[in-house]
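Everything on this sheet refers to the single structure shown next.
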Amino acid sequence: MSTITPRAMGQALDRLDGADKVRGLARYAFEHPVDHPAYLFPVQSTVAVGRITGIDRSQASAQPGVLAVLTYHNAPRLSTEDGELRVLQSDEVAFRGQIVAAVIAETSEIARHAASLVRVDYEGRTHNVDLRAEVPGHREHLRVPNEVLPLFPMDTAEGDVDAAMASAAVRVDEVYSTPWYTHNALEPHTTIACWTEEGFTLHLSTQGVTGIQAGVAQAFRLDPSQVRVISPHVGGAFGSKVYPRADVVLAAMAARSVPGRPVKFALTRQQTFSLTGYRPPTIQRVRLGAGSDGRLTAIDHRSIEQTSKLKEFAEHSTRATPSMYAAPNRGTQQWVAELDVPTPTIMRAPGEASGMFALESAMDELAIACGLDPIELRIRNEPDTHPHFHLPFSSRNLVTCLREGARRFGWERRDPTPRARREGGWLIGTGVAAATYPVLRLPGSKATIRADANGRYAVLIAAVDIGTGTRTALTQVAADALQADVEQIDLRLGDTAYPPAAEEGASAGITSWGAAICAAADQLRQRLATEHGGTVPADGLEITADTPENEYLKQYAMHSFGAQFAEVRVHEETGEIRVPRQLGVFACGRIVNPKTARSQLLGGMAWGLSMSLHEQSVLDLRFGHVVNHDLAQYHISSNADIGAVEVHWIEEDDPYVNPMGTKGVGEIGIVGVAAAIANAVYHATGIRIRDLPITLDKLLPG
Ligand code: MOS
């Protein structure tokens, strides 16, 4: 398919739904008005693994206003193999916080109170929840995952790493680790479930209405046409709202159990810590071997993560490594440990965010071992073609990003000696790291375009805008695809009443949905030209098209790249860490909307600081749950923690990625930040921290 000419694309348009959002007119799932709603509150297990031996719901049921108490005894039977969705189907408990009962009542207060009166007895078993303890101890818990998401080879061995390491002039062989991170979208997971003889209508905060429709239809043995999912506005998601989870199924079950009553269910912040997924902790070993000139002879990256016993999920933390640097001997491998924990899920840059902390920290360690500037080291190892697929890159501007970033950041003034700069009691250091994210196109989208004789176009697709600005950017894409003005486009999304769409994920939204819109626009213009003399007939013309496969995928490797820079100050006496300055330069193809794209990249960088210094879900190993399960204790970087954040990008004109020339901007902003900060902390203090987050207790011994 041919590329489209940018006219609307590239304009910094205000969000089309911005005014509605600030006026409170944009409706989020829980705010959808429904008649006579009932409210749901779940009861969560207090053991991490075991069996329910008895449930007494008499006291809860006796409360005035309680409509039903669901347990595994009376809940509707589900037909799904997805362990996450099999809510209230058996007496088995697989993690602490799992839903073991639920109360439906006239008000949320009654439901919550009655839930506290449900008495559940358990026969608990000894639990394993600690990934770090599992790794050296119980090797039988480790296995290669069946798949990682999105699909990419896990085992990428080439050459002989061990031999190359043995003969390398310079070696780095270190273990890096990252903690359990929780998404914490501003809007918690919410559902309103309505059940009629036609089926379900679900008002839901989700990243993918089509996927939820399929999951719920299967669980309840319905045809997908009997499940309508509506999600016009979403208050953040970050991966936690892609896949259907227990909360949606439970709300749907509840609606079936109280006929005629829509059921409203909003998770509390605390419940989201056990029920909505998280970024799994990782333990990663990186080995780098090089000549004394810094040219890599070996790169090897292995990662161990955790998954639950209900369902396998593996983040692909070694995914970025084979795409980064040239070396004749390379390998990656992944393992998962099945623990008595909730199932993890994707979180912004699932894989790259954790994996590039390890690889890019190791590259910094190698640069120091070789006595080379870390930017020069990366430039020396720049590959001619994709190191694993041996294909040329459709476009690759890592070196441009590094050089442009160095210029803007003032890198040439840097004295490479650690602890060389000191102001007052503060040690000052700077660090750099590379970033990458693949250009992905998800299958399963269709777009319908209806041209009206009055010059307007209705563009229908069941995509969602999770707060990123999709509605605006996709309207710009549609305008250019149709060679029309933005004002002529009426884009409708967020509803399974429109043609199916892939989820908002993998930084692939604009690519997947935009490619379908371009295909439909192409066909529409052809039909108009060949059958209607170039004018829209009086009764309009409608075309539906699928996202085409990318014919260039066999010829080119497709990635975004970036360079992350950070300045840190570490207080000599207290170990306090401040980050006054972050700078990122990205090469992400065409930028559809500079305003919303900048906000995506900036948000990613701010979150990168948060994952570097502040965030971690702390487990109580005695019970197996996250103890800091609220925003008072799980610290997310706030305004006072973030310094100056500069976002820049390189103009790229890539005709191979998709007709828009876009690569996606949702995720790459977080990639590499943690390594840039850890590298800067080393430069400031001479202390290498290989275990995130970097907290002052880890610095004080040095
Ligand atoms: Mo993104 S973590 O693929 O929603």
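The values are calculated or read from the model by the stated rules, or taken from the named source; none is laboratory data. Here the structure is a predicted model, which is why all the values come from computation and not from measurement. For neighbour counting, all protein chains shown are included, and Cβ atoms are generated from backbone atoms with ideal geometry for every residue, glycine included. To get the accessible areas, we keep the full protein, side chains included, count just its heavy atoms, and leave off ligands, DNA and RNA. Shrake-Rupley method; radii C 1.70, N 1.55, O 1.52, S 1.80 Å.
For region 4-53, name all the residues that are hydroxyl-bearing (Ser, Thr, Tyr) and more than 23 Å from LEU202 (Cβ to Cβ).
THR5, SER45, THR46, THR53
Within region 396-445, how many residues are within 24 Å of GLY664 (Cα to Cα) and over 22 Å from the mean Cα position of the chain (by Cα)? Explain how you work it out, then say what you get.
Just the residues of region 396-445 that are within 24 Å of GLY664 (Cα to Cα), to begin with: 396-406, 408, 432-445.
Narrowing further to those that are over 22 Å from the mean Cα position of the chain (by Cα): 396-406, 408, 432.
Total meeting the criteria: 13.
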Subset of region 619-641 (residues that are of a type in the set (Val, Ile, Thr) and within 21 Å of the chain's Cα centre (by Cα)): VAL626, ILE636
Lone unmet requirement of (1) crowded, with 21+ Cβ neighbours inside 10 Å; (2) among the aliphatic types (A, V, I, L, M); (3) in a loop (DSSP other than H, G, I, E, B) for ALA447: (3)
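Being among the hydroxyl-bearing types (Ser, Thr, Tyr) and more than 16 Å from the ligand (Cβ to nearest atom) is the filter; apply it to region 233-272 and report the residue that is nearest to GLU84 (Cα to Cα). Break it down into steps so the answer makes sense when it comes.
Within region 233-272, the first condition is being among the hydroxyl-bearing types (Ser, Thr, Tyr), and the residues that meet it are 240, 243, 257, 268, 272.
From what's left, more than 16 Å from the ligand (Cβ to nearest atom): 257, 268.
Values: SER257: 20, THR268: 19 Å.
Checked region 233-272; the qualifying residue nearest to GLU84 (Cα to Cα) is THR268.
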Subset of region 575-590 that is open to solvent by 10 Å² or more (accessible area, probe 1.4 Å) and over 24 Å from the mean Cα position of the chain (by Cα) - its residue that is farthest from GLU423 (Cα to Cα): ARG581
Checklist (1) open to solvent by 40 Å² or more (accessible area, probe 1.4 Å); (2) within 27 Å of TYR437 (Cα to Cα) applied to GLU542, failing item: (2)
Index of the failed condition, ALA266 passing every other in (1) aliphatic (A, V, I, L, M); (2) open to solvent by less than 10 Å² (accessible area, probe 1.4 Å); (3) closer than 30 Å to GLU106 by Cβ: (2)
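Residues checked against (1) over 26 Å from LEU204 (Cβ atoms); (2) within 16 Å of the ligand (Cβ to nearest atom); (3) surrounded by fewer than 23 Cβ atoms within 10 Å (Cβ to Cβ); (4) in the same structural domain as THR206 (by TED's automatic domain parsing):
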{"site": "ALA478", "(1), (2), (3), (4)": "no, no, no, no"}
{"site": "ASP485", "(1), (2), (3), (4)": "yes, no, yes, no"}
{"site": "ALA497", "(1), (2), (3), (4)": "no, no, yes, no"}
{"site": "GLU504", "(1), (2), (3), (4)": "no, yes, no, no"}
{"site": "ALA508", "(1), (2), (3), (4)": "no, yes, no, no"}
{"site": "ALA516", "(1), (2), (3), (4)": "no, no, no, no"}
{"site": "ALA521", "(1), (2), (3), (4)": "yes, no, no, no"}
Selection from region 81-124 of residues that are charged (D, E, K, R), crowded, with 16+ Cβ neighbours inside 10 Å and in a loop (DSSP other than H, G, I, E, B): ASP82, GLU84, ARG86, ASP91, ARG96, GLU106
Filter pass, ARG287 being without any contact (Cβ under 8 Å) to a residue 60 or more places away in the chain and either away from the ligand (no atom under 16 Å from the Cβ) or not in a strand (DSSP E or B) (or both): no
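Looking only at residues that are more than 16 Å from the ligand (Cβ to nearest atom) and hydrophobic (A, V, I, L, M, F, W, C) in region 329-356, which one is surrounded by the fewest Cβ atoms within 10 Å (Cβ to Cβ)?
Pass one, region 329-356, residues more than 16 Å from the ligand (Cβ to nearest atom): 329-342.
Adding the requirement that they be hydrophobic (A, V, I, L, M, F, W, C) leaves 335-337, 339, 341.
Values: TRP335: 19, VAL336: 25, ALA337: 25, LEU339: 24, VAL341: 32.
So, considering only residues that are more than 16 Å from the ligand (Cβ to nearest atom) and hydrophobic (A, V, I, L, M, F, W, C), the one surrounded by the fewest Cβ atoms within 10 Å (Cβ to Cβ) is TRP335.
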Verdict on PRO383 being assigned to a loop (DSSP other than H, G, I, E, B) and within 16 Å of the ligand (Cβ to nearest atom): no
Hits in region 661-681 (condition: touching a helix residue (DSSP H, G or I) at 6+ places or on another chain (Cβ under 7 Å), more than 14 Å from the ligand (Cβ to nearest atom) and either closer than 30 Å to TYR556 by Cβ or open to solvent by 10 Å² or more (accessible area, probe 1.4 Å) (or both)): THR662, GLY672, VAL673, ALA674, ALA675
Given (1) part of a loop (DSSP other than H, G, I, E, B); (2) more than 17 Å from ALA675 (Cβ to Cβ); (3) touching a Pro at 6+ places or on another chain (Cβ under 9 Å), number of the condition ARG319 does not satisfy: (2)
Residue list for region 594-624, filter: outside any helix (DSSP H, G or I) and surrounded by 23 or more Cβ atoms within 10 Å (Cβ to Cβ): GLY624
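Any residue at all in region 238-259 that is under 19 Å from PRO179 (Cβ atoms) and open to solvent by less than 10 Å² (accessible area, probe 1.4 Å)? If you could, list the steps in order and put the result at the bottom.
Looking only at region 238-259, we keep the residues that are under 19 Å from PRO179 (Cβ atoms), and these are 238-240.
Now narrow it down to the ones that are open to solvent by less than 10 Å² (accessible area, probe 1.4 Å): 239-240.
Yes - at least one qualifying residue is present in region 238-259.
Looking only at region 36-54, which residues are among the aliphatic types (A, V, I, L, M) and surrounded by fewer than 21 Cβ atoms within 10 Å (Cβ to Cβ)? Even if it seems obvious, please write down each step before you answer.
In the first step, residues of region 36-54 are kept if they are among the aliphatic types (A, V, I, L, M); the result is 38, 40, 43, 47-49, 52.
The one that is among the aliphatic types (A, V, I, L, M) and surrounded by fewer than 21 Cβ atoms within 10 Å (Cβ to Cβ): ILE52.
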Residue among THR530, THR535 that alone is polar (S, T, N, Q), over 27 Å from the mean Cα position of the chain (by Cα), part of a loop (DSSP other than H, G, I, E, B) and surrounded by fewer than 17 Cβ atoms within 10 Å (Cβ to Cβ): THR535
Number of the exception - PRO374 against (1) over 20 Å from GLY562 (Cβ atoms); (2) at pLDDT 95 or above; (3) open to solvent by less than 20 Å² (accessible area, probe 1.4 Å): (1)
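Would you say PHE393 is closer than 19 Å to MET154 by Cα, away from the ligand (no atom under 16 Å from the Cβ) and hydrophobic (A, V, I, L, M, F, W, C)? Don't jump to the end; show me each part of the working.
Numbers: closer than 19 Å to MET154 by Cα: no; away from the ligand (no atom under 16 Å from the Cβ): yes; hydrophobic (A, V, I, L, M, F, W, C): yes.
No: the conditions fail for PHE393.
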Test for LEU204: is it within 16 Å of the ligand (Cβ to nearest atom) and out of contact with any Pro (no Cβ under 7 Å at 6 or more places or on another chain): yes
From the options GLU576, GLU542, residue that is among the acidic types (Asp, Glu) and in the same structural domain as ASP641 (by TED's automatic domain parsing): GLU576
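Kindly provide the set of residues from region 423-444 that are open to solvent by less than 20 Å² (accessible area, probe 1.4 Å) and assigned to a loop (DSSP other than H, G, I, E, B), ordered by number.
Scanning region 423-444 gives a single hit, VAL439.
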Pair list, Cβ < 8 Å and 6+ apart or interchain, from region 20-47 residues that are among the basic types (Lys, Arg) to residues that are open to solvent by less than 60 Å² (accessible area, probe 1.4 Å): LYS21/HIS233; ARG27/PRO232; ARG27/HIS233
